[in-house]
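S.K.: Handing you this structure, nothing more for now.
The values are calculated or read from the model by the stated rules, or taken from the named source; none is laboratory data. None of these values were measured; they are calculated from a predicted model. Cβ sites come from the backbone with ideal geometry, for glycine too, and all protein chains shown count toward neighbours. Areas reflect the complete protein model, heavy atoms only, side chains present, ligands, DNA and RNA absent. Shrake-Rupley method; radii C 1.70, N 1.55, O 1.52, S 1.80 Å.
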2 protein chains.
Amino acid sequence: MNRNTQTSVEADPSLPVIRMTRDFAATPERLLRAHTDPALFVRWVGPDATSSRIEHWDARTGGSWRYVSVHDGVEYGFHGCFHEVRPDRIVQTFTFEGDPDGVALETLWFEDLGDGRTRLRAQSLVDSFESRDAWLRSGMETGVDEGYAKLDRMLADGAV
Amino acid sequence: MNRNTQTSVEADPSLPVIRMTRDFAATPERLLRAHTDPALFVRWVGPDATSSRIEHWDARTGGSWRYVSVHDGVEYGFHGCFHEVRPDRIVQTFTFEGDPDGVALETLWFEDLGDGRTRLRAQSLVDSFESRDAWLRSGMETGVDEGYAKLDRMLADGAV
């Protein structure tokens with residue numbers, strides 16, 4: 001039953017876009033909750049070696065968010081606004097505060113696979129190929145893989 | 001003194017981006033106010049043949065906005081969130097509600113030209129060339145030109 005629990009990460013050949021696809025053993029409702037409830041989100045986001053805390057969180061259309069991740073005692077801040085939160089989609093902006101002028105437009109789609117599983121498709125759009133490729137070189141895949149593995153365990157043990 | 005009061009609008013050849021440049025006879029502070037004060041913004045935004053009203057407006061980092069433009073009795077809604085509002089830059093999302101799944105990431109830069117004038121540079125980023133080209137074909141330039149001409153008059157008569 002562990003089909004497609006690897007995260008597919010790909011760079012678009014003609015757009016400054018990163019796309020990710022990952023299946024989860026959860027309904028769209030539960031997977032959305034894991035992305036919008038700050039007490040849940042903070043438990044799974046990021047690589048294993050970091051811990052995160054929510055500084056601000058208002059997960060509704062027109063709201064905004066900020067969290068800080070701590071790795072080896074160093075704090076890394078992230079913030080953005082929620083353009084739209086609806087049952088099948090989240091659209092939000094994303095800035096890593098180490099690059100304060102950089103902004104990505106992120107879209108997450110929650111696709112019901114009809115068997116209690118949900119396919120998460122995520123797209124991150126930036127305004128240059130250089131920025132996109134820097135993200136791909138940053139080791140983001142480790143954080144994504146480890147974060148989603150934590151989320152898998154939370155879904156399995158009923159934490160969500 | 002009316003140099004560069006035409007709006008330059010161009011499509012990037014390799015990114016799904018529209019860029020606009022326009023000079024105004026105002027300091028960056030006044031030009032920013034014209035974009036963030038809802039009572040001012042609503043007086044100049046859009047083509048001459050429309051009138052607009054603010055439905056929601058919170059022009060600060062993490063805030064959001066919505067306005068409705070009326071043309072020949074038909075209402076057109078627009079909304080988004082403010083990723084960042086700072087003296088030299090506004091970053092926001094933008095959806096025309098006639099295309100509710102479409103989203104643009106817009107950045108406005110206010111560049112002080114040092115002689116009481118300010119150069120506005122605006123960039124609109126979407127996730128496909130088809131969407132970008134549809135915007136260019138939509139007649140947006142008329143709305144932009146007429147709106148900025150209204151803003152010129154408001155700056156000249158001291159309304160801002």
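S.K.: Do you know which residues across region A:99-126 are without any contact (Cβ under 8 Å) to a residue 24 or more places away in the chain and at positive phi?
M.R.: Within region A:99-126, A:Gly114 is the sole residue that qualifies.
S.K.: Quick test for you: out of B:Asp133, B:Asp127, B:Asp115, pick the one residue that is within 11 Å of chain A (Cβ to nearest Cβ) and not in a strand (DSSP E or B).
M.R.: B:Asp127 is the lone residue from the list that is within 11 Å of chain A (Cβ to nearest Cβ) and not in a strand (DSSP E or B).
S.K.: Looking at (1) under 16 Å from the mean Cα position of the chain (by Cα); (2) farther than 24 Å from B:Gly102 by Cβ; (3) at the interface with chain B (Cβ under 8 Å from one of its Cβ atoms), find the lone condition where A:His56 falls short.
M.R.: Here A:His56 meets the rest and fails (1).
S.K.: In this structure, does A:Ala159 turn out to be away from chain B (no Cβ under 14 Å), more than 13 Å from the chain's Cα centre (by Cα), within 26 Å of B:Asp88 (Cα to Cα) and open to solvent by less than 50 Å² (accessible area, probe 1.4 Å)?
M.R.: no
S.K.: Then there is this: Mind checking which residues of region A:81-98 are within 14 Å of chain B (Cβ to nearest Cβ), without any contact (Cβ under 8 Å) to a residue 24 or more places away in the chain and not β-branched (Val, Ile, Thr)?
M.R.: A:Cys81, A:His83, A:Glu84, A:Arg89, A:Phe96, A:Glu97
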